[in-house]
1. So which strands (runs of 3 or more DSSP E) stay within segment 104-158 end to end and still have 1 or more residues that are touching a residue at least 60 places away in the same chain (Cβ under 8 Å)?
2. Looking at 28, 68, 37, can you tell me which residue is assigned to a loop (DSSP other than H, G, I, E, B) and within 30 Å of residue 148 (Cα to Cα)?
3. As an exercise: evaluate residue 174 against (1) within 30 Å of residue 52 (Cβ to Cβ); (2) at pLDDT 95 or above; (3) under 14 Å from the mean Cα position of the chain (by Cα) and give the number of the one condition it does not meet.
4. Going through 5, 83, 41 one at a time, which residue ends up being touching a strand residue (DSSP E or B) at 6+ places or on another chain (Cβ under 8 Å), exposed (fewer than 12 other Cβ atoms within 10 Å of the Cβ) and at pLDDT below 95?
5. Going residue by residue through segment 17-27, is there one that turns out to be closer than 30 Å to residue 98 by Cβ, surrounded by fewer than 15 Cβ atoms within 10 Å (Cβ to Cβ) and touching a strand residue (DSSP E or B) at 6+ places or on another chain (Cβ under 9 Å)?
6. Among the residues of segment 30-37, is there at least one that is touching a residue at least 40 places away in the same chain (Cβ under 8 Å), in contact with a helix residue (DSSP H, G or I) (Cβ under 6 Å, 6 or more places away or on another chain) and surrounded by fewer than 19 Cβ atoms within 10 Å (Cβ to Cβ)?
7. Among what's in segment 67-101 and is touching a residue at least 60 places away in the same chain (Cβ under 8 Å) and touching a helix residue (DSSP H, G or I) at 6+ places or on another chain (Cβ under 9 Å), pick the residue that is nearest to residue 120 (Cα to Cα).
8. Going by the structure shown, is residue 59 touching a residue at least 60 places away in the same chain (Cβ under 8 Å) and assigned to a loop (DSSP other than H, G, I, E, B)?
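The values are calculated or read from the model by the stated rules, or taken from the named source; none is laboratory data. The model shown is predicted, which means the values in this text are computed figures rather than measured ones. Heads up, the Cβs are rebuilt from the backbone with ideal geometry, glycines too, and the neighbour counts pull from every protein chain shown.
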């Protein structure tokens, strides 16, 4: 089956920065809805017309991936406002920011604790890959028709490098 909008594609990949440092490897295939919210537009465009077994090497500039780094999304907050046990790399939903934090910090974003100091901590709402040009080697493992549920959700259940809140240990890229 050829990849077209409204189908589900199973992919494996290796993601590197432009210096060749490996950022993420997915050895076990994960399914994504083409024509939904799962994949970046440039990746969808490149996949269209391919079939299982296809291998693609893509170069994504920041504006084609996770955008440029925005220093307006970095906030210095008082350490005392946050609970004990907070660690660098943890994610905090904007809706869960404690009272007293910067009122200019958007509440609809996900923040990563990037630095912790005795009196302050740094929250960053940029995607961890913002500002980075990426090299992505993809392999199409399988293609199938999307189910009604997947089409209705606009997703096969996995967003491309969607950052999700996690316990201590950092963000999850996929």
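1. 134-145
2. After applying the criteria, what remains is 37.
3. Of the numbered conditions (1) within 30 Å of residue 52 (Cβ to Cβ); (2) at pLDDT 95 or above; (3) under 14 Å from the mean Cα position of the chain (by Cα), the odd one out for residue 174 is (2).
4. One residue alone meets the criteria, 5.
5. Checked segment 17-27: no residue is closer than 30 Å to residue 98 by Cβ, surrounded by fewer than 15 Cβ atoms within 10 Å (Cβ to Cβ) and touching a strand residue (DSSP E or B) at 6+ places or on another chain (Cβ under 9 Å).
6. no
7. The selected residue is 69.
8. no
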